[in-house]
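Where a number appears in this text, it was derived from the coordinates with a stated rule and is not lab data. Everything numeric in this text was worked out from a predicted model, so none of it was measured. Here the Cβ positions follow ideal geometry from the backbone for every residue, glycine too, while neighbour counts run over all protein chains shown.
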Amino acid sequence: MNYMTFIIPAVVVALLALPLLKGMKGTLTPQQAKRRIIANICVFALVCVAGVATPIGSLIVNASAEPAAAAAATAAVSFPGSWAQAFGFISAALVTSIAAIASAKAIAAAAPAAIGAVSEDPKSFGKVIIFVVLGEGIAIYGLLISILIINKL
């Protein structure tokens, strides 16, 4: 494999994470952090769309090569599979990520309430932990659906 197949994605990930570094230090206001996160998500979506729309093989093949050599080089870098498989993997990734985000929101709402209820009455631990676990179940269901999608591909 070519070393550029590892360097280019690493550079893209670093450039996507760069605007968030100042937010991790805690020097941003909540409005600035929200704008940076939205901008980062938009740039990430743009990079994903550009990655799907750009034919990778034509970027790697040398244009000055002979036609037979160019065809052989294009065949060497083409990826197996179809567009249906590509969209299947994208949908599996979306199912997992959206389920994880929903699970995080559910746990973020239920866990502080559960902690408060247990601090007032320690006997209520068994009752309130169920609500926290139900939030985690959302992520498990999303992972299960993505596994089912990948098995169909």
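Numbers for the structure displayed
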| quantity | calculated |
| --- | --- |
| Protection proxy ranking of 88-94, 12-18 - average other beta-carbon atoms within 10 Å, highest first | 88-94, 12-18 |
| Nitroxide proxy distance, nm - points 7 Å out along Cα→Cβ at Ile8 and Ala111 | 3.8 |
| Contour excess over end-to-end distance, with Cα ends at Asn40 and Ser97 and 0.36 nm allotted per residue | 18.9 nm |
